[in-house]
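Before any comments, here is the structure.
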Amino acid sequence: MSEKKSLPTITNEVLDQLLAQGDIKDAFVSGGLFDALKKALAERVLNAEMDHHLETDAAERHDNRRNGVGRKTVLTDTGSMEIAVPRDRQGRFDPQLIGKYQRRFPGFDEKILSMYARGMSTRDIQGHLLEIYGLEVSPDLISTVTNAVLEEVGVWQGRPLEPTYPIVFFDAIRVKIRDEGSVKNQAIHIALGVRHDGRKEVLGLWVEQNEGAKFWLRVMNELKARGTDDILIAVVDGLKGFPDAINAIFPETMVQTCIVHVLRNSLDLLSWKDRKPVATALKDIYRATNADEAEKALTAFEAGPWGQRYAAIGQIWRRQWSQIIPFFGFGPDVRKIIYTTNAIEALNAKLRRAVRARGHFPSEEAATKLLWLVLQRTQKDWTMGAREWSAAKSQFAITFGERFIQAAA
């Protein structure tokens, strides 16, 4: 974990001199002391860059010197600002702080991306910048800034992965995307890996309208090509053909159906008033001490009043039983990590909030762009593993032996 960079210290004497220049109440408003300081610092940096540029030219025996200044209006994160940019005789000076053709000050793009990642539409961002900062920004500019991340998305989606992940959760959220004049529901699939130290990492995003074994086989091959040789436990949502696709590429992977998804699918069959008592009755199954006790509890549920009334619930559990029972081979610490899927549930909640704020997307790229930005903001908070991970590691070492030990090496 990298250390947080501390802010530079500004002495009281310097602050007193600055505050003497105007009313302290106006220090942070557009055009106030803070903006004046930003302008002065920017021009100081640009002049220092020019000095360095001319010194380099002199060392290389180029006859070059200053040639006055040019005025440039740039957009900042607090408004627009006019700065004086030094020029040289040969016209070769291209500053690093604000390039020749750059019209946006460092920090402006990040502000737009931050608002976009919170689900704000282009129109919302326009209105916010105009209302708060008095900036009139075109939709094309906002699109240019946000589209610039698509290249980063491509690099991120193809980056190398860890050789082994003890757990990978596979899940999806539904988004509305415009396609050939109509708006369709499409699934954006997310793979969330847990590393050997318990820290989380989103492995990738995939957009697919029709889920099936061929699609999942392509995803598994992609993970393999990016460097992942082994997944100890894959937690999936019970889709048909998914376990076969995983084991075709990772034959030793233990495929575990997400208990939360099984419960949701079961409760979706019920009227609202029956949900709570049936959910209570189903607890005896997934809280059983082992697989044999769990099956006895399932049989008892099927024979009981709720199982008789809603026979389809027992069928849901039976159809996926071979992918449910691996769960019972672990102690409470591992079960809690696998069962609750807090990691991916919390992540999906943030993604859904951003999606709801947008309604529908004009393209797959627009949806991917937004979700990627949300992921980047979210992952900054993932600095440590789950509380149960320390205890869970010993169980993984016993269950998976060298496969887990090599991952931790």
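The values are calculated or read from the model by the stated rules, or taken from the named source; none is laboratory data. The model shown is predicted, which means the values in this text are computed figures rather than measured ones. Backbone-built Cβ (ideal geometry, glycine too); neighbour counts: all protein chains shown. Surface accessibility is based on the protein's heavy atoms, side chains included, excluding ligands, DNA and RNA. Shrake-Rupley method; radii C 1.70, N 1.55, O 1.52, S 1.80 Å.
Numbers for the structure displayed
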read-out	value
Largest-first principal axis extents, alpha carbons of segment 252-409, Å	49, 45, 26
3J(HN,Hα) from dihedral phi, segment 366-380, Karplus parametrisation 6.51/-1.76/1.60, rounded to Hz, x for glycine, proline	5, 5, 4, 4, 5, 5, 5, 5, 5, 4, 5, 5, 5, 5, 5
Partner lysines for LYS184 [C-alpha distance under 17 Å; skip if fewer than 8 residues away on the same chain]	LYS176
Where Rh is the Kirkwood radius over Cα pairs, Rg/Rh for segment 185-334	1.00
Solvent-accessible area of ASP124 with every protein chain in place, 1.4 Å probe, in Å² to the nearest 10	80
Evaluated over segment 305-393, the Cα radius of gyration and Dmax, each in Å	18.6, 49
Zone of LYS184's modelled label, taken as backbone nitrogen in segment 356-374 under 12 Å from a point 7 Å along Cα→Cβ	364
Links that overshoot a 20 Å alpha carbon limit, given the list LYS350/LYS393; LYS39/LYS100; LYS72/LYS100; LYS224/LYS350; LYS111/LYS369	LYS350/LYS393; LYS224/LYS350
Cα-based shape type of segment 143-182, given that a ≥ b ≥ c are square roots of the gyration tensor eigenvalues and the cut on a/c is 1.5	oblate
Using θ = phi - 60° and Karplus 6.51 cos²θ - 1.76 cosθ + 1.60, couplings along segment 43-53 (whole Hz; Gly, Pro as x)	5, 5, 5, 5, 5, 5, 4, 5, 4, 5, 4
Alpha carbon Rg of segment 130-199, scaled by the compact-globule rule 2.2 N^0.38 Å	1.66
Accessible surface of segment 256-321 [probe 1.4 Å, protein heavy atoms]: carbon and sulfur percent	54
